[in-house]
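Engineer: Input: one structure, supplied below.
The values are calculated or read from the model by the stated rules, or taken from the named source; none is laboratory data. These numbers come from a predicted model, not from an experiment. Cβ placement follows ideal geometry from the backbone for every residue including glycine, while neighbour counts extend to all protein chains displayed. Please note that ligands, DNA and RNA were not included when accessible areas were found on the heavy atoms of the full protein model with its side chains. Shrake-Rupley method; radii C 1.70, N 1.55, O 1.52, S 1.80 Å.
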Amino acid sequence: MRDNRPFHTRAVAALAVTLTALAAAGCSTERAASSESPSDDGEVKIGLVTKTETNPYFVKLRESAQAAADKSGADLIALAGKFDGDNAGQVTAIENLVQQGVDGILITPSNAKAILDAIQEAKDAGVVVIALDTETEPRDAVAATFATDNEEAGRTLGKYIDARLGDRDPKVLMADLDPSSSVGLQRHNGFLDGMGLTDDSDAILGTALTQGDQGKAQAAMENLLQRVGKKVNVVYNINEPAARGSYLALKARGLADDVLIGAIDGSCSGVQDVADGKFAATVMQFPQKMAEQGVAAVVKYAETGEKPSGFVDTGDMLITDKPVDGLESKDSTWGAENCWG
Amino acid sequence: MTGTQTSSPQLPPAERESGTKRALDAMERRFSQTPALGPTAALLLAIVVFSVGSDTFLNIDNFSFIVQQSVVIATLALGQTIIILTGGIDLANALIAVLGTLVMTRTTLDGVPVVAALALGVLVCALTASVSGLLVAKLRLPSFIVTLGMLTVVTAVANLYSSGTTWPAPDGLLTLMGMKLYLFGRVQFTIGMLFAAALFVLVWVTLTRTAWGRHVYAIGNDAEAARLNGINVKRMLLSVYALAGCIYAMAAWLSLGRTPSADPNAYQLGNLESITAVVIGGTSLFGGRGGVVGTVVGALIVSVLRSGLTQMGIDSNYQNLATGILVIVAVAFDQFTRRRSA
C-alpha cells in the first residue's frame, strides 16, 4: 500500500480493519467482555451451543430451551457456530461459556470428535456437558445425550419405503449429508438397514454429498438422474431441504410422481410437502423435547449435583398420508400440529 | 485487451528462431491476447473427455441442466468480473444476492406488488454494493477488507431480516426465471437461461464497446495512469460497484426461479465459487486483463466437471479436488502468460 495519503485516511483504514476484526470475532466476544461475575448469585446458568444460529431447526431448539429456562427461572446463554461444521466457532463458544461460569452446557456438536478437548476442559471446570440432537464420539465424552436415534429414524423411513415398493425391485438414489457428520452416516445406514440393503447392493444407483443444502441437492440429483435415467424409484434424503432439491430435479424430468421421496426432519414446510404429495413420507424429530429435557437436567444438576447419563431417545414419528400396515405413523394433519420451524 | 498488446520487438532475420519455436511463441501471444481462449479449449476438452467416458453425458437435456446449474453463480461472477477487472474483489456478492432474494420475497409476502418488490430488491443490492464501492473509491481501502467486512454485515442483516427462516417465494413474476420453455417440443429451456444470456451480452457490450468499459480496464492496469489520463477514477469505481450490485440482484431473481424460496443459508460459498469461475475463465486477479466471456466459460467448466464426474460415478470429494486443481492451474497460466508478455 502506498503511504502518501493524509493521516486521517490511514486512521480510518486502521479503524475499519479493527471494526472488521471485531465484527468477525462476533457476538461471542461481546458476551465474554460483558460477562457478569460468574455464578454464586443463586441463579442456574445454562449455556446452549447450536450448530448455527439460522437453521430453523436450531432456532426451534433455542426457543424451546429459552422457554424451558424461563419456566424454571434459569438463565440461558445461547451461542452458535457460524455454519454447520464450524468446529472452531463451537470451541470458542464453549470456552466463553465456561468463563461465564455456567452450570451446564447443552451442545449440538457439528462434528462428533472435533470439540472433545473443549468439552473435557469444561468438564474439568465442573460444568456438566450434555449433547443435544447429535452424538459425540465416543458417546461418554459427554454426561448424556438427548437426541433422535438417527439410525432408528433412518430405519423407520427405510421400512416404510420398502413396504410402499411392494414387489418392485428397489432402485435407490441417495442425497447424503457430508462424510464428517455422524448424523448423516447413521441415517444413511439406518435407511439401508430398513430397506434390507447394504452399501454395496446393486439397488443403490448412486449417492451424492449435499451438505443438506437444497441447491446442491438439486444439482447433484440432476446429474445423477442424467446417469441413471428413469430407472430410479426411490430417493432417500438426509433432510427436507435436500428432499426439496431432489423433488425439483425429479419434477424437471417428469419423474416426481413415479418416485418415492423420503426425508427426515419434521419441519412444518416438510410436513406441508407430505400433505402436497411431493414427499412420500418424512420422519419427524422433536427438538423441543431435547431442549426441555436438557434444560431440566442441568437445573437438576445445579440443585442436587446429580448428573444425567446415557443416551436418551427423544423419539421420532413417521409422517405420511399413505400409511402401511404394521408401521406406526401419523398423518400430515397431526404433523402440522406438532412440527417445528 | 489493454496492456497485453505490447508488440514484440522485430528481430532481424538472422536472429529468428526455429519454426517450432516461432509457432509456440505465436500461440502464446494468441493466448495472452485472448484470455478466454485457454478456458474455452479446456471446456471443449472436458466435454469431449466426458462424452467418451460416460454414455449419458453427451445429451441435449444434460447440457440444459448444466447451464441451469451454472446460471446463478455465472451471474454473480459477471458482477465479480467487472470488480476484479479494476483490481478489486468482492467477497460479499453472494450474500448481497441472498439479501436480495429475502427482500424480494418477504416484501411480496407482505403484500407489496411484485414489480415493486423486485425493484426494491435491486435497490437494496445496488446500494449495499455501492457502500463497498464508496469505501474503496473515496477512502482507498483495500476492497478485500471492505467486502470482507461487508460480508459479515450483510450476513447478519440477512439473518435478522429473515428471522433465520426460509421464506417460500409465491409463484408468478417472482419465480418467472424458473419457467420452462421447450424448443422443438423437447429441448428444455428456462426463462432464466435466456435472461442470463441477455444480461451477459449486455455486460459484454458495455465492457468491450463503450468508453466506460475501456476505463474499467485502464483502472485495472494502472489506476494512477488512468487518473493522469483524465479518468475520474473514484466515480468510475463507484459506478462499477453499483453496476455489480444490480447484477447481483439479477442473480437473486434467477435464484428464486431455480429454488423458489429465499433462504438465509443459501450460497454460503457463492463468493468463492464466483471467484473460481472468474479465475478459471482467465481474468487476472491483478486486474486489467480478461473479461466476461472467460467468466461464463469458467462457470460452465465447473458445472461440466460436476456433471461429468458424477456421471462417471466419481465421488463428490474428488469433484472438489478437481475444481481446486483447476483453479491453481488457471492462476499459474495467468502468471505465466503475464510474465512472458511483460
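Engineer: Compare B:35, B:113, B:264 in a GNM of chain B, Cα atoms joined below 10 Å, and give the one with the largest fluctuation.
Structural biologist: B:113
Engineer: Further question on the same structure: Could you work out what % of the accessible surface of chain B is carbon and sulfur, using a 1.4 angstrom probe and leaving DNA, RNA and ligands out of the count?
Structural biologist: Accessible surface attributable to carbon and sulfur in chain B totals 68 percent.
Engineer: Let me ask something additional. Relative to the longest principal axis of chain A, what angle (0 to 90°, nearest 10) does the C-alpha long axis of helix A:240-252 take?
Structural biologist: Tilt of helix A:240-252: around 40 degrees.
Engineer: Please build a GNM for chain B, connecting alpha carbons under 10 Å apart, and tell me which residue among B:173, B:207, B:183 fluctuates the most.
Structural biologist: Its mean-square fluctuation being the largest, the pick is B:183.
Engineer: Please enumerate, by chain and number, the lysines with C-alpha under 22 Å from the C-alpha of residue A:159, excluding those fewer than 8 residues away in the same chain.
Structural biologist: Within the straight-line cut-off, residue A:159 pairs with A:171, A:231, A:278, A:322, A:330.
Engineer: Looking at the stretch B:52-66, which residues lose a minimum of 40 Å² of accessible area between their chain alone and all protein chains in place, measuring with a 1.4 Å probe and not counting ligands or nucleic acids?
Structural biologist: Residues meeting the cut-off: B:56, B:65.
Engineer: Further, regarding this structure: So how do B:298-308, A:274-284, A:158-168 stack up, highest first, on mean other-Cβ count within 10 Å?
Structural biologist: In descending order of packing, they fall as B:298-308, A:274-284, A:158-168.
Engineer: Applying the Karplus parametrisation 6.51 cos²θ - 1.76 cosθ + 1.60 with θ = phi - 60° to the phi angles of the stretch A:309-318, what ³J(HN,Hα) value in whole Hz is obtained for each residue in order, glycine and proline being reported as x?
Structural biologist: With coefficients 6.51, -1.76 and 1.60, one gets 8, x, 9, 10, 6, 8, x, 8, 9, 6 Hz.
Engineer: Excluding residue A:202 itself, calculate the net charge of residues whose Cβ lies under 14 Å from the Cβ of residue A:202, where each Lys or Arg counts +1 and each Asp or Glu counts -1.
Structural biologist: -1
Engineer: Relative contact order of chain B, please, whole-number percent, based on alpha carbon pairs below 8 angstrom and at least 6 residues apart.
Structural biologist: Dividing the mean separation by the residue count of chain B yields 34 percent.
Engineer: Additional query: Carbon and sulfur together cover what percent of the accessible area of chain A at a 1.4 Å probe radius? Could the numbers behind the result be given before it?
Structural biologist: Numbers: 6820 of 14360 Å².
After summing per-atom areas, the C and S share lands at 47 percent.
Engineer: Something else now. Would you mind giving the total buried accessible surface between chains A and B, with a 1.4 Å probe and ligands, DNA and RNA left out, rounded to the nearest 100 Å²?
Structural biologist: Details: alone 15740 and 16610 Å², together 29660 Å².
Protein heavy atoms only, the A-B interface buries about 2700 Å².
Engineer: Moving on to the next point. Go through the stretch B:150-187 and flag every residue whose accessible area shrinks by 40 Å² or more with all protein chains in place compared to the isolated chain (probe 1.4 Å).
Structural biologist: Flagged in the stretch B:150-187: B:152, B:164.
Engineer: Still on this structure: Quick one: Karplus J couplings for the stretch A:255-272, per residue in order, coefficients 6.51, -1.76, 1.60, θ = phi - 60°, nearest Hz, x for Gly and Pro?
Structural biologist: Karplus values, whole Hz, x for Gly and Pro: 10, 4, 7, 9, 10, 7, 9, x, 9, 10, 3, x, 6, 5, 6, x, 4, 4.
Engineer: When only Cα pairs under 8 Å and 6 or more residues apart are kept, what is the percent relative contact order across chain A?
Structural biologist: With pairs under 8 Å counted, the relative contact order is 16 percent.
Engineer: Note every residue of the stretch B:303-338 with a reduction of at least 40 square angstrom in accessible area, all protein chains present versus the isolated chain, computed with a 1.4 Å probe, or write none.
Structural biologist: Residues of the stretch B:303-338 that lose at least 40 Å² of accessible area once the other chains are added: B:310, B:311, B:316.
Engineer: With springs connecting C-alpha atoms under 10 Å apart, model chain B as a Gaussian network and identify which of B:61, B:263, B:90 has the largest mean-square fluctuation.
Structural biologist: Per the Cα network of chain B with a 10 Å cutoff, B:61 tops the list.
Engineer: Another question, if that's okay. Tell me the angle of helix B:233-258 to the major Cα principal axis of chain B, expressed in degrees between 0 and 90 and rounded to the nearest ten.
Structural biologist: Helix B:233-258 sits at roughly 60 degrees to that axis.
Engineer: To the nearest 10 degrees, how steep is helix B:19-33 against the longest Cα principal axis of chain B, on a 0 to 90 scale?
Structural biologist: For B:19-33 against chain B, the angle is about 30 degrees.
Engineer: Could you work out the local net charge near residue B:273, counting Lys and Arg as +1, Asp and Glu as -1, over the other residues with Cβ closer than 12 Å to its Cβ?
Structural biologist: For residues surrounding residue B:273, the net value is +2.
Engineer: Taking only protein heavy atoms and a 1.4 Å probe, what accessible area per residue, in Å², does the protein assembly as shown have with all protein chains in place?
Structural biologist: Per-residue value: 43 Å².
Engineer: Could I ask something else about it? With θ set to phi - 60° and the Karplus curve 6.51 cos²θ - 1.76 cosθ + 1.60, what are the ³J(HN,Hα) couplings of the stretch B:289-301 in order, to the nearest whole Hz, using x for Gly and Pro?
Structural biologist: 9, x, x, 6, 4, x, 4, 5, 4, x, 5, 5, 4
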